[in-house]
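Report on one structure; see the data block that follows.
The values are calculated or read from the model by the stated rules, or taken from the named source; none is laboratory data. Quick caveat: nothing in here was measured; it's all calculated off a predicted structure. Neighbour counts run over all protein chains shown; Cβ positions are idealised from the backbone, glycine included. Just the protein is used for accessible areas: all its heavy atoms, side chains included, with ligands, DNA and RNA removed. Shrake-Rupley method; radii C 1.70, N 1.55, O 1.52, S 1.80 Å.
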Amino acid sequence: MAVLELHGVKKSYGSGHKKVDALKETHFLADRGELIAIIGPSGSGKSTFLSIVGGLLSPTSGDVMINGNNLTVSNEKERSKIRLKEIGFVLQASNLVPFLSVSNQLKLLDKVKNGNLSKAERDQLYEDLDIAGLLKKYPSDLSGGQRQRVAIAKALYSNPSIILADEPTASLDSDRAYEVMSLFKKITKQKKTTTIVVTHDIRLIDYCDRVFNMTDGVLLAVEREDKRIQIAGKSH
Ligand code: ADP
Ligand code: MG
């Protein structure tokens, strides 16, 4: 059974002449241990896709299944339960609470997410993300890369089976962006998560097992050959 299944999923915003078909009919399957990249221009529907996968947004039609649970037919209470248990979000703006130290932001999750990490697992997470030395600091004391590592720690705190990252490297320089991507790769392989990363940065797709291109709400797989051509066409 696939961890994630989308069957005939569509999303439109608005109605009448203002109607926008942000996501055209989409079928998509993803397994454990897969790192998947989604690239595509601004406004093409990437965030819409990710929000639907994560149960933050309901599709106009179609079904989203997460570990066999149909998100689309669940009520909001069940959806948020599935979301908390199964999904870790990493957003571009790294959603840290400005007035809480790093350790307090993580402790807060113990309450919200019933802290299902053991002490040993938590220490391992801090070590993997290299944030043990940052626990007493506040977001404003952290560099962009450190902030993004803390945001990833928050996303991983509940041992999610699916990690969804919307342009997680957008605010980072190339070296930090590569670091964050190799971290996603390590977590995906070690913890066998299903990880979907939306990115503008075509150089990062080399880290990924599968790559999709979103254009005008249509999601298409990018073949390896195309991938090489696109990378070759990029000067760096
Ligand atoms: P991307 O993440 O690739 O930039 P989005 O998923 O944010 O694309 O947007 C896809 C399309 O849907 C765009 O045309 C955008 O303007 C439109 N859109 C996104 N969110 C809304 C919304 N809440 N209401 C109306 N239109 C929206
Ligand atoms: Mg977006």
Requested in this report: Filter segment 15-41 down to the residues that are of a type in the set (Gly, Ala, Ser) and within 17 Å of the chain's Cα centre (by Cα), then identify the one that is farthest from ligand 2 (Cβ to nearest atom).
Outcome: Gly33
**Report entry** Subset of segment 84-114 [at pLDDT 90 or above, assigned to a loop (DSSP other than H, G, I, E, B) and not aromatic (Phe, Trp, Tyr)]
**Finding:** Leu100, Ser101
Report task. Identify the single condition in (1) more than 15 Å from ligand 1 (Cβ to nearest atom); (2) under 26 Å from Arg203 (Cβ atoms) that Ile39 does not satisfy, given that it satisfies every other one. Result -> (1)
Report task. Return the residue satisfying two criteria in turn: it lies in segment 115-128 and is open to solvent by less than 40 Å² (accessible area, probe 1.4 Å) and in a helix (DSSP H, G or I), and of such residues it is modelled with the lowest pLDDT. Result -> Asp128
Report summary line: The one condition Leu164 fails out of (1) part of a helix (DSSP H, G or I); (2) of a type in the set (A, V, I, L, M, F, W, C); (3) closer than 22 Å to Leu4 by Cβ; (4) open to solvent by less than 10 Å² (accessible area, probe 1.4 Å) is (1)
Query - Odd one out for Lys18, checked against (1) near ligand 1 (Cβ under 9 Å from one of its atoms); (2) touching a Gly at 6+ places or on another chain (Cβ under 7 Å) - result: (2)
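Which ones in segment 184-205 are crowded, with 19+ Cβ neighbours inside 10 Å and either outside any loop (DSSP other than H, G, I, E, B) or of a type in the set (D, E, K, R) (or both)?
Scanning segment 184-205 gives Phe184, Ile187, Thr188, Thr194, Thr195, Ile196, Val197, Val198, Leu204, Ile205.
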Report summary line: Conditions (1) free of Cβ contacts under 8 Å to residues at least 60 places away in the same chain; (2) of a type outside the set (Ser, Thr, Tyr); (3) under 24 Å from Asp123 (Cβ atoms) -> Pro160 fails only (1)
Requested in this report: Check whether at least one residue in segment 168-177 is open to solvent by 70 Å² or more (accessible area, probe 1.4 Å), under 24 Å from Ile38 (Cα atoms), out of contact with any helix residue (DSSP H, G or I) (no Cβ under 6 Å at 6 or more places or on another chain) and at pLDDT below 90, and report yes or no.
Outcome: yes
